[in-house]
Amino acid sequence: MKKNYLYLFFIVFATILQGCKDDSIVKGAEFSLSRNGQEVTDFSFGYGQGHIMVSLTSNTSWTLESDQTWCTLSNVSGKATKEQYIKITYERNTGEQSRKATITMNAGGNIKQYAVAQGSKYDTVYPEGMEKDAIEVAKSIAIGWNLGNTLEAPDGEETWGAPPTTQAIINKVKEMGFNAVRIPCAWNQPQYLEADGKTLKADWLNHVKEIVDFCQNADMYAIVNIHWDGGWQDQSCDASALTADSIATVEAKVYDFWTQIATAFRDYDGRLLFAGANEPAVANREDMAVLRRYEQAFVNAVRDTGGNNTYRNLIVQGPDTNIDKTYDWFELPEDPTPARLMVEVHYYTPYNFCLNDPSSDLAARMTYFWGEPYEQYALEYMDGKFDYDNQEGYVHEQMNKMKTKFVDLGVPVIVGEFGLAYREYENDPLLKDYKNYDKIVANMDMLQEKCEESEGYFLGYVAEQAKNYGCVPFLWDIQGARFFDRNTLDIIVPVIHQMLMDGAAKGQYPY
């Protein structure tokens, strides 16, 4: 009898537990993940790092969980909601095999599971000439050069003093050690547009193609962008000043222009890259959300033209192309083609050494020397004017931000512009205001020589460390800037060129 009582007790206890368990499941729970208005049941990603946004709805409290560390979720729990966006982020698949994960959604005890599949690079056969992804292209570029103040000049190629670009110029650039050319371009100019103000003229597209052909003839990479171009895009990110309609108008124009540009270049191989903008003016996260719309329109337009553009490597710009803002605020747009996006930033720091005008007042004026080997000349001759906050250590700090934010996840970075305004003592209108003016005059030739060495040291150091942290350096250069004379094909200051190239050669990409 005792055994029968015990058996009856366990039956009753189990029934009570089952009842409690059933009571814990919310009846009538409705919950789902959807994308573009359609409910999803699974996800499929390419091998590159990226993310997608999905909409979660649930009439009861919910949790989300991924069973793999390479697939992560921006939110893992919440209350009942009509719509909440969840970001699903996936890391680059560096293996030779595809892989799987499962996302489990629990809404009031009700379970749905979503299968996640990520392919490997070897799942796709790429067209000839399009095999290299972003990392493979990045590590193929020794150092790049800008055809500055040329095709982006508002009234034609020669407006800002550049001669017409020729095959001989590009060949000389290749001979100097560069194997990539960034081609800043204007498009939104009356002389480049048909009467409708929207259609790019064939002769302008053909001229840009001619320059790209020069690069391809020299077996160099080329980057075509939409540069400043009057600021119609770069200056249209101010969320506080723009209306929904004005943002949509710029967004549509980005899509329209890039559809035309990409169509014209559709058959070019992977040595041609596109960059969506130049230096978009972004002051906060709200502005960044506007820029993200333009960058998504750029990616969508290029991919929608098909052909080789399906696989073309694309470059998207960080806010202001500023490293700190890019580190804090930037997220890649979505791209249906895996591992074909790069991020662009620029580097002109310290301002007083790189860009400050020589006519500025002495208290806030430019400096002539950068780097530990050249500090002594600033101390002895230039009243101690030396930017101690932005020397070699700062270069490491900034480049490392790009490495940890992007490169370590499989996304290379382009330093699309770095450089300086080369200094000449004899043209300095404030030289007489220095305390050691007489000593400066007596040592003018030596100081000019050391100044040029310091400029070369800066350029070489930035190029070297950029590469060490996975960032591809592109020198900003314009005609008459004392680096390269496009009329004579002469290197103007050989020591600057040599120190730049020595630095670039020492740099080693970490991929």
Of residues in the range 52-77 being among the hydrophobic types (A, V, I, L, M, F, W, C) and either assigned to a strand (DSSP E or B) or surrounded by 19 or more Cβ atoms within 10 Å (Cβ to Cβ) (or both), the one farthest from the chain's Cα centre (by Cα): W62
Over the range 326-343, the set of residues acidic (D, E) and either in contact with a strand residue (DSSP E or B) (Cβ under 9 Å, 6 or more places away or on another chain) or not assigned by TED's automatic domain parsing to the domain that holds F274 (or both) is E331, E334, D335
If I filter the range 287-311 down to residues being under 15 Å from the mean Cα position of the chain (by Cα) and closer than 17 Å to L273 by Cβ, which single residue comes out as surrounded by the most Cβ atoms within 10 Å (Cβ to Cβ)? F298
Going by what's in this entry, would I111 be described as touching a residue at least 12 places away in the same chain (Cβ under 8 Å) and in contact with a strand residue (DSSP E or B) (Cβ under 9 Å, 6 or more places away or on another chain)? no
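Suppose we filter E397, E426, E449, E464 for residues that are acidic (D, E) and either part of a strand (DSSP E or B) or buried (at least 17 other Cβ atoms within 10 Å of the Cβ) (or both); which single one remains?
Values: E397 fails: either part of a strand (DSSP E or B) or buried (at least 17 other Cβ atoms within 10 Å of the Cβ) (or both); E426 fails: either part of a strand (DSSP E or B) or buried (at least 17 other Cβ atoms within 10 Å of the Cβ) (or both); E449 fails: either part of a strand (DSSP E or B) or buried (at least 17 other Cβ atoms within 10 Å of the Cβ) (or both).
That would be E464, the only listed residue that is acidic (D, E) and either part of a strand (DSSP E or B) or buried (at least 17 other Cβ atoms within 10 Å of the Cβ) (or both).
Condition first: under 30 Å from C451 (Cα atoms), out of contact with any Lys or Arg (no Cβ under 9 Å at 6 or more places or on another chain) and touching a residue at least 60 places away in the same chain (Cβ under 8 Å). Can you find one or more residues in the range 303-322 that meet it? Spell out how you get there, then give the answer.
Here is the first cut: in the range 303-322, the residues under 30 Å from C451 (Cα atoms) are 320-322.
In the following step, the residues that additionally are out of contact with any Lys or Arg (no Cβ under 9 Å at 6 or more places or on another chain) were identified as 320-322.
Cutting the leftovers down to touching a residue at least 60 places away in the same chain (Cβ under 8 Å) gives us 321.
Yes: the range 303-322 contains one or more residues that are under 30 Å from C451 (Cα atoms), out of contact with any Lys or Arg (no Cβ under 9 Å at 6 or more places or on another chain) and touching a residue at least 60 places away in the same chain (Cβ under 8 Å).
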Scope the range 243-268; condition crowded, with 17+ Cβ neighbours inside 10 Å and under 19 Å from R285 (Cβ atoms); matching residues: I247, V250, E251
Can you name every residue in the range 467-495 that is part of a helix (DSSP H, G or I) and touching a strand residue (DSSP E or B) at 6+ places or on another chain (Cβ under 9 Å)? K467
Filtering the range 99-121 down to residues that are under 18 Å from V26 (Cβ atoms) and among the β-branched types (V, I, T), which residue is surrounded by the fewest Cβ atoms within 10 Å (Cβ to Cβ)? I111
Restricting the search to the range 362-384, which residues are part of a loop (DSSP other than H, G, I, E, B) and without any contact (Cβ under 8 Å) to a residue 24 or more places away in the chain? T367, G384
Which of the residues belonging to the range 80-104 are in contact with an Asp or Glu (Cβ under 8 Å, 6 or more places away or on another chain) and assigned to a strand (DSSP E or B)? A101, T102, I103, T104
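Which residue is surrounded by the fewest Cβ atoms within 10 Å (Cβ to Cβ), if the candidates are limited to the range 312-324 and must be in contact with a strand residue (DSSP E or B) (Cβ under 9 Å, 6 or more places away or on another chain) and in a helix (DSSP H, G or I)? Give the derivation first.
The first filter runs over the range 312-324 and keeps only residues in contact with a strand residue (DSSP E or B) (Cβ under 9 Å, 6 or more places away or on another chain), leaving 312-318, 320-323.
Remaining after also requiring in a helix (DSSP H, G or I): 320-321, 323.
On the way: D320: 21, T321: 24, I323: 23.
My answer is D320.
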Answer yes or no as to whether Y434 is within 21 Å of E375 (Cβ to Cβ), of a type in the set (F, W, Y) and in contact (Cβ under 8 Å) with a residue 12 or more places away in the chain. yes
If you check E96 against the conditions, is it among the charged types (D, E, K, R), in contact with a Phe, Trp or Tyr (Cβ under 7 Å, 6 or more places away or on another chain) and surrounded by fewer than 19 Cβ atoms within 10 Å (Cβ to Cβ)? yes
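The values are calculated or read from the model by the stated rules, or taken from the named source; none is laboratory data. Everything numeric in this text was worked out from a predicted model, so none of it was measured. Cβ atoms come from the backbone with ideal geometry, glycine included; neighbour counts cover every protein chain shown.
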